[in-house]
Structure formats: structure tokens, C-alpha cells
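Have a look at the structure that comes next, please.
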Amino acid sequence: MKKRLLILFLPLGLFGQNTIGLPDVINYSRQSYNAGLQNWDFKQDKSGIIYAANNEGLLSFDGENWQIHPLPNQTIVRSVEIGFDNRIYVGGQDELGYFSPSKNGRLQYFSLTQSIPEKDRSFGDVWDIVSFKKDIYFRSTNKIFKLTNGAISLFQAPSEWSYLGLSNDKLYAHDYKTGLMSFENDRWTPLRFRNILPDNDPVTAIIPLQKYSSLITTLKNGLYIISNQGIKKLTSAALTEIAQKRIYAATAINTERIALATNNDGVFIIDLNGKLIQNFSKIEGLQDNNILSIFLDQQSNLWLGLNNGIDFIAYNSAIKRIIPLSRDGSGYAAIIHNHYLYIGTSGGLFSVPLQPTEDLSFSKGNFSPVANTTGQTWCLAEINGKLLLGHHEGAFMISDNKTRPISTNHSGFWNFIPLSSVFPSATTVAGNYKGLTFFNYLHSSFSPEEKIPGFNESSRFVAMDTDDNIWVSHPYHGVYKISIAADGKYKTKLYTNKNGLPSALNNHVYKIKNKVVVATVKGIYTYNGQTDDFAPSQFYKKILGDQSIRYLKEDHSGNIWFIHEKIIGVVDFTTNDTAIIYIPELNNKMLSGFEFIYPVNENNIFLGGEKGFFHINYKKYKSIIPALSVLIRNVKIINKKDSLLFGGYFD
């Protein structure tokens, strides 16, 4: 269930540093799903529908609509399980049974309570349900019920059952007095080796790790590993602190990471050595830090049952949000320089040191403001190994997180482009509010040399062609070519719809595949030097047609990122057949009119957003694009009266 909504959060964790990139968090309040506050358990059926055990019944969610299915006795549903027979088993208070679709596709409830001996029907809440070897097991605090071929048998607790779960094809239960037990030969048997789990501390999850080992979480005393050799405590500095938060539930995310849900401080993601990877709390966008249940869905994303509401974390998404200290700053520029990530926003320039991770969104750290950069930042460029900043208040060089002005005039700067690919480039041209300025490079420093006379257009879009012509586009005036005449003076020519362009408006020059192109309202145009005019590029026309294009950026693999209207896509040349891959999650999320894409490599693409930045692991994104599926949820006859033919649930 791929959701498109993106929620703002500030990436600061309780342990000092969180990852700089965090996934989308979607909040579902009680008012949005229209049921009870608390959500105790989750499951997902083969069609992808999510089911939640809610205070007011069984909740179902198809990605668009919520439905509530109360129990006959109107009690809290504490647990839910999808059985081997595809029935949806639920447990309430003194009630257990299952939902199954009727012939018209509506969920119908079938109680199993009457199959329990009358003297055992007062059993309180059913906290866990497990489907195991074509039998269904229900746990209350005093009894475990086993459903086999419609008949129910029960197992009395030695003192009090506190957990029931399945791991590595073995059924476990925890009793406060006896400890951890396994179900063998139709009886509950204490483990054959010494039980080191603390007394009176319930087990809250058992998660398979490898074929013969599992991870045990306890409410107050942390984590343990159980294997054929016995039980041992898993220790780390992070786990010592997490244990104090009360681990109420847990789930494996993949073979390397575990999610721990706590009562006090949200969710913690750890690796198998107990090292903290990430944490999610109200700071990162959750509605509530009190987590009652956690579930990994079919797309490896997380659902959280809260003490008040439901949250969805798009954990497996290839798209992350990166937001510096300035929460509401729009993202205009980004660059990696000397192992630091610099990001420029409408509020200033910020930096964070990077760790050597393949996916840089998982680098941990806190952003720091760069001194004396408060205000609108427009661009970042590395030229001759130096970091340059284009700012509303001028041009600057950044060193050791400090700024030094390199331009004495107070015109804002849009960009910096070296005039030579030879290192070091002696001259750089910079577009600014009032035209173009040249900078000379000498003694490891930049100094302004001259301004092109007679050219005073704001030069936000600048490109150099292979003949050393400077091209500048102005969205409202047209495209300018600036060249050097035989006498050494600069000459300027304006190109509009009179020179082959489809319009004088909304033209943007870029250098793609070592050639200057113009993105226009009718597709991509190129310059013909022999006729001195523009014409549609047949190469791009075959790929993109004549749709309007606002932005172009080539990555290191030769792919071309583009923006049409407010839709972002990639012309992917990495396979034999050129493909266009769209990123619908970011539709209408880019900074309109000031789009920015910084492709580092296939694992790290940075994009400016209306608030902060987006990070795309493009390699991962391509690998997890889901196949299109259709789920029919309602069939009705609409005439003089409504008649439901199908209610949306498949047998």
C-alpha cells in the first residue's frame, strides 16, 4: 500500500544523532479511521488489506478507506490473525472467533465461544492468536485455546500466560512462574536448558534470526538470544537505554535490522549487534510515543498501533526527507565537499559530516549552520577544489564552515561555471541578478575581474557550449548567446519565437551530454549554428515528445532527470531499451520554478523540496517498483435504490 503523502519531521534523535534522512510518516488519527483510540495488533491478507485490532472492533484498510467491524458483544479486539484457511481470527473479551466473507463479499462474524466448555468461557481478553500447522491458538492470561477442525481444547496456565508466539517453526509461550515453554507432543514443556529470563518480566516478542536462533524481547530487561546452546543476554549501550523505555512489541525488518516498539519513546531500529540505527518518536512525526503494536507489511513498511491512533512509516521507501535545523526552509542547493554534505535553503547554509555509507541518507549526524550565511542561498559549486556559495547577498567561498566574500558588489549570485575543464580553471563565469561576472583564480583565491558590458539580464540559467559561447536564458525574455567577436569584444544576440523557439517565454538552457539544449513549452530544442536558429531535437522528441519541460539534469550514468510541469521523471539509458521512469511520490513536492537535482551516484540523488530536501536511492527505487494491481472493493446497482452486489472481501 504505497502512500503518496509526505509529513514533515526534524531529524534529531533521543540518543543525540539520528540518520540525516528519514522516511515518510503518515498519521491516521482516530477521527480519520473513525474507531477507537487504541490499536493492539495488525495483520495483512493476500489482497494487501490491512487489519487492526481496535478498541471498537476489527478495523480494515485497503489503502484508501477504513471500515470498522464490531464484535457481537461490542468489546475490545486485542488480537488478529490470518489463518491457513484465510479466515480472519480475532480475540476480544470473553469472545473469540473469526470473520469470513459472505457470498456478497461482506465480512461476517462467526463466534467460536460456544465450542468452549461453559465453565471456561470467562477467560478475559485474548491477547495473542497464532496460526500453526493448521491449528489456531488463542492466548488469554489464564488459558491457551487450541482450535483443531472446529474443536477447541485448552491449556491452563501454570501461573499466568504472558506471551504466545511462533519462531523458526516452533510455538512458544511464556508463563510468569515457569518461564519460557515450547509446544511439543500436544503439551507445553519448559525449555530443557537453564532459563535466565528475569522473573515477572513478560516476553513481548520472539523473532527468528537464523535457522536455529531467535531474538527474545522482554518488557523491562532488554533482549536475549535463544538457540540450541541456550539463552544469552544481548548487550550494548543503546540496548541498556532502550530497555528503560519498556519494549512492548517488536518485529524484524529484514535479516539485519529489528524494530523495537516502546511504551515511552516510540520506535528504535537496531542491528543484530544491538547498535542503534534510527529512532522514531513525536519529534520525527509520530502522533504518540506510546506504541502498543508494530507490524511489517508485504512491502516491508511499518505499521504502528498507538495508544492514540495509527502511524505508517514507509521504511522500505527509496525516498527519504532531509531537513536541517531550519524547519521551514525551502531546498535550493546541495553539494558534498570534503566529506561534508552542504545544503542551502531559504534560511541559510547548513552542513553535516558524512559517514562512509553506500546510502548517505543513513549517515548519522546533526546539521550545523554555516556562519554568516543566514538568508537566501541559491547555489553551491566546487571549482578548483574550493567551495563557492551563491547567495542573495553576494558570492562567497566556504572554508572550515566559515564564509569569505569574493565579490564586493552586492548583487546576488545564481551560479558559477568554470570556463575550462583543465584543472585549475583560471576563469569562472558567474550569473547574478545583473548579468554575468568573471572571476579569476590566483593563489588559491577567486577575485572578480570584469562584468560583461551592456548585458544586465538576471542570469539564473547559464551554459557553455564547446565553442566557448555563453548561453543565458531568461524565462520571460528568451535565450541569449554571448560570444567574443574578432575584435575581442563581447556581442550578445537574443533568440525568441522569431528564431525557431516555440515561444519567447519559459525557455531554460542546460548542458546535457556535452551539448547546450533548451527546455521549452514544446519539448527540447537545439541550436543550429549553420542557420543560426533553433529547432526541435529529434533525439529528445522520440523520447519525450513535445511535452513542456522545465528542468534537465544529467547524472553520472548518463541518465537524464527531467521535470514536466510538476512531475519528475528519469530518462534511463542504463538498459538496452531506453526507459522513462516517473517518481510519482514527488509530484507537486519540488520547489516550483526553482527545481534542483544533485545526482551523486545511483544510490544518492538529492532534490530540493518546498521544505528541505528529498533523497532518492535510485538503484533501490528501480528495484522495488511494484507491479500494478487492482482490488475491487465495491460493486453496486444504482437505480431507484442501492443494491450491493459485492462488498470487497474475497473468500
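The values are calculated or read from the model by the stated rules, or taken from the named source; none is laboratory data. Because the structure is a prediction, the values reported are computed rather than measured. Neighbour counts are summed over all protein chains in view; Cβ atoms, including those assigned to glycine, are modelled from backbone coordinates with ideal geometry. Ligands, DNA and RNA are stripped out before the accessible areas are found, and what is left, the full protein with its side chains, is counted by its heavy atoms. Shrake-Rupley method; radii C 1.70, N 1.55, O 1.52, S 1.80 Å.
Got a number for the accessible area of Ile632? Probe 1.4 Å, square angstrom, nearest 10.
Approximately 90 Å² of Ile632 is accessible to the 1.4 Å probe.
OK, next. Tell me the carbon and sulfur percent of the accessible area for the range 105-154, rounded to whole percent, probe radius 1.4 Å. Each step should come with its number before you reach the end.
On the way: 1050 of 2380 Å².
The nonpolar share, carbon plus sulfur, comes to 44 percent.
Follow-up. What accessible area per residue, rounded to a whole number of Å², is obtained for the range 428-484 using a probe radius of 1.4 Å?
42 Å²
Which lysines have a Cα less than 16 Å from the Cα of Lys146, not counting those fewer than 8 places away in the same chain?
Lys133, Lys134, Lys170
I would also like to ask the following. Could you name the aspartates and glutamates whose alpha carbon sits less than 20 Å from that of Lys233, not counting residues in the same chain fewer than 8 places away?
Straight-line reach from Lys233, under 20 Å: Asp175, Asp199, Asp201, Glu241, Glu256, Asp271.
Let me have the 222 nm mean residue ellipticity of the chain computed from DSSP H runs of 4+ only, each contributing -39500 (n - 2.57), with the sum over all residues rounded to the nearest 500. Working shown, then result.
Numbers: 4 runs with 24 residues, N = 651.
The helix-only estimate for the chain comes to -1000 deg cm²/dmol at 222 nm.
Once you place label points 7 Å from the Cα toward the Cβ at Asn264 and Glu565, how far apart are they in nm?
5.1 nm
In whole angstrom, how long is each semi-axis of the equivalent ellipsoid of the range 175-259, when you take the square root of 5 times every eigenvalue of its Cα gyration tensor and sort them from largest down?
21, 16, 12
With 14 Å as the cut-off, how large is the P(r) tail for the range 257-304, expressed as percent of Cα-Cα pairs?
On the way: 547 of 1128 pairs.
Cα-Cα pairs in the range 257-304 separated by more than 14 Å: 48 percent.
Given a Förster distance of 22 Å, report the FRET efficiency between Asp186 and Gln229 from their Cβ-Cβ distance, rounded to the nearest 0.05.
Numbers: r = 27 Å, r/R0 = 1.21.
The calculated FRET efficiency here is 0.25.
So which trypsin sites (Lys or Arg not before Pro) in the range 90-119 are both in a DSSP loop and have at most 14 other Cβ atoms within 10 Å of their Cβ?
Working: sites: Lys103, Arg106, Lys119; in loops: Lys103, Arg106.
Counting only loop positions with at most 14 other Cβ atoms within 10 Å, the trypsin sites (Lys or Arg not before Pro) in the range 90-119 are Lys103.
May I pose another question? With every protein chain in place, what's the accessible area of Asp555 (1.4 Å probe, Å², nearest 10)?
Rounded to the nearest 10, the figure is 20 Å².
May I ask which of Lys481/Lys541; Lys386/Lys515; Lys498/Lys522; Lys402/Lys434 have a Cα-Cα span longer than 21 Å here?
Details: Lys481/Lys541 24 Å; Lys386/Lys515 26 Å; Lys498/Lys522 15 Å; Lys402/Lys434 26 Å.
Distance filter (> 21 Å) returns Lys481/Lys541; Lys386/Lys515; Lys402/Lys434.
Would you mind getting me the FRET efficiency between Thr255 and Asn587? Use the beta-carbon distance for r and R0 = 22 Å, nearest 0.05.
0.10
With charges only on Cβ, +1 for K and R and -1 for D and E, what is the dipole size of the range 181-331 about its Cα centre, in debye, rounded to 20?
Details: 15 positive and 13 negative charges, 77 e Å.
Once rounded to the nearest 20, the dipole reads 380 debye.
If you take the Cα Rg of the chain and divide it by 2.2 N^0.38 Å, with N the number of residues, what do you get?
Working: Rg = 30.7 Å, N = 651, 2.2 N^0.38 = 25.8 Å.
Ratio of Cα Rg to 2.2 N^0.38 Å: 1.19.
Oh, and also: Per-residue accessible area for Tyr33 at 1.4 Å probe radius, Å² rounded to 10?
Its accessible surface works out to 10 Å², give or take rounding.
Regarding the range 381-466, what whole-number volume in Å³ per residue does the convex hull of its Cα atoms give? Before the final figure, lay out the partial values.
On the way: hull volume 7.9 nm³, N = 86.
In the range 381-466, the Cα hull volume divided by residue count equals 92 Å³.
Something else now. Given a 1.4 Å probe, how much area per residue of the range 532-577 is accessible, in Å²?
Details: 2260 Å² over 46 residues.
With the other protein chains kept in place, the range 532-577 gives 49 Å² per residue.
Using 7 Å Cα-to-Cβ label points, what is the Ile625/Lys133 separation (nm, one decimal)?
Spacing of the two 7 Å Cα→Cβ label points: 4.5 nm.
Suppose the chain between Asn307 and Asn497 were pulled fully straight at 0.36 nm per residue; how much longer would it get relative to their current alpha carbon spacing? Walk me through the intermediate numbers first.
Working: separation 190, 0.36 × 190 = 68.40 nm, distance 6.18 nm.
Residue separation times 0.36 nm, minus the Cα-Cα distance, leaves 62.2 nm.
Work out the FRET efficiency for Ser420 and Thr531 from their Cβ-Cβ distance, taking R0 = 30 Å, and round it to the nearest 0.05.
Details: r = 29 Å, r/R0 = 0.96.
It comes out at approximately 0.55.
Quote to one decimal, in nm, the extra length available between Ala486 and Lys119 on full extension: 0.36 nm per residue of separation minus the C-alpha distance between them. Walk me through the numbers before you get to the answer.
Values: separation 367, 0.36 × 367 = 132.12 nm, distance 10.62 nm.
The span from Ala486 to Lys119 would gain 121.5 nm if fully extended.
HN-Hα J couplings of the range 56-67 from phi, Karplus 6.51/-1.76/1.60, θ = phi - 60°, integer Hz, Gly and Pro as x?
Rounded to whole hertz, the list is 10, x, 8, 8, 10, 9, 9, x, 10, 10, 9, 9.
Right, here's the next one. Per the Kirkwood treatment, what hydrodynamic radius in Å, one decimal, follows for the range 71-199 from the mean inverse distance over all distinct Cα pairs?
15.2 Å
Roughly speaking, what is the stretch gain from Asn469 to Asn456, that is 0.36 nm per residue apart minus the C-alpha to C-alpha distance, in nm to one decimal?
On the way: separation 13, 0.36 × 13 = 4.68 nm, distance 1.72 nm.
Extra length from Asn469 to Asn456 when fully extended: 3.0 nm.
Hey, any idea what % of the range 225-359's accessible area is carbon plus sulfur with a 1.4 Å probe? Each step should come with its number before you reach the end.
Details: 2110 of 4790 Å².
So the carbon and sulfur contribution to the accessible surface is 44 percent.
Within the range 217-253, find all residues whose amide N lies under 17 Å from a label point positioned 7 Å from the Cα of Ser159 along Cα-to-beta-carbon.
Hits in the range 217-253 for Ser159 at 17 Å: 218-221.
How large is Rg/Rh for the range 221-340, to two decimals, with Cα atoms and a Kirkwood Rh?
Taking Rh as the inverse mean 1/r over Cα pairs, Rg/Rh reads 1.03.
Another question about this same structure. Could you tell me the largest-minus-smallest coordinate of the C-alpha atoms of the range 466-541 on each of the three principal axes, in descending order and whole angstroms?
On the principal axes, the range 466-541 reaches 38, 26, 20 Å in Cα extent.
Taking the alpha-carbon set of the range 550-628, what are its Rg and Dmax in Å?
Reported Rg and Dmax, both Å: 11.9, 37.
Can you list residues from other chains, or at least 5 along the same chain, whose modelled amide H is less than 5 Å from the amide H of Asn18?
Correct list: Gly13, Gly365.
Counting other C-beta atoms within 10 Å, and keeping those with at most 15, which DSSP coil trypsin sites (Lys or Arg not before Pro) do you find in the range 558-634? Intermediate values should be presented prior to the final figure.
Numbers: sites: Lys566, Lys589, Lys611, Lys619, Lys620, Lys622, Arg633; in loops: Lys566, Lys589, Lys611, Arg633.
The qualifying sites are Lys566.
Could you please put Ser368, Ser537, Ser623 in sequence from largest to smallest accessible area, using a 1.4 Å probe?
On the way: Ser368 50, Ser537 10, Ser623 85 Å².
Largest to smallest exposure gives the sequence Ser623, Ser368, Ser537.
For the range 474-518, I need the span (max minus min coordinate) of the C-alpha atoms along each principal axis, in Å, sorted largest to smallest.
Here the Cα extents, ordered largest to smallest, are 33, 26, 16 Å.
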